[in-house]
């Protein structure tokens, strides 16, 4: 079952945003998860593995948000070293949550 993000009552499929994120030069891999948001309920947030180019979180957000409707726009980007995947190559969203990549310091 595909995970969905509920933004202001609208459904966002992470896979749509992940295709856009992964198409950006300087991004090796990316996954989009829903994070709690005060007014929207949830908001899309990208976890990104950088390539060698000096891509920034602001650049990724500008490129993605310029291509998608307002309710699908990224609320943030976090850089990580590797995206955990199962043996069949699927993103392990449960492990992402368990490892708490989005913990605020």
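Where a number appears in this text, it was derived from the coordinates with a stated rule and is not lab data. A quick note: this is a predicted structure, and the numbers were derived from the prediction, not measured. Ideal geometry is used to build each Cβ from the backbone, glycine not excepted, and the neighbour counts take in all protein chains shown.
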Label model pair residue 49, residue 85: point-to-point distance (7 angstrom along the Cα→beta-carbon line) in nm is 0.7 nm
Need the C-alpha centroid separation for the stretch 1-25 versus the stretch 27-42, integer Å.
8 Å
In nm, what is the difference between 0.36 nm times the number of residues separating residue 67 and residue 16 and their Cα-Cα distance?
17.3 nm
Nearest-5 percent of antiparallel DSSP beta bridges in the chain?
80 percent
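Once fully extended, how much extra length lies between residue 57 and residue 8, figured as 0.36 nm per residue of separation less the alpha-carbon to alpha-carbon distance? Working shown, then result.
Working: separation 49, 0.36 × 49 = 17.64 nm, distance 2.37 nm.
Gain on stretching residue 57 to residue 8: 15.3 nm.
Could you work out the relative contact order of the chain, using alpha carbon pairs under 8 angstrom and six or more residues apart, expressed as a whole percent?
Result for the chain is 22 percent.
Would you work out if the stretch 5-84 is rounded, prolate or oblate? Take a ≥ b ≥ c from the square roots of the eigenvalues of the alpha-carbon gyration tensor; rounded if a/c is under 1.5, else prolate when a/b is larger than b/c, oblate otherwise.
Because a/c hits 1.5 or more and a/b exceeds b/c, the stretch 5-84 counts as prolate.
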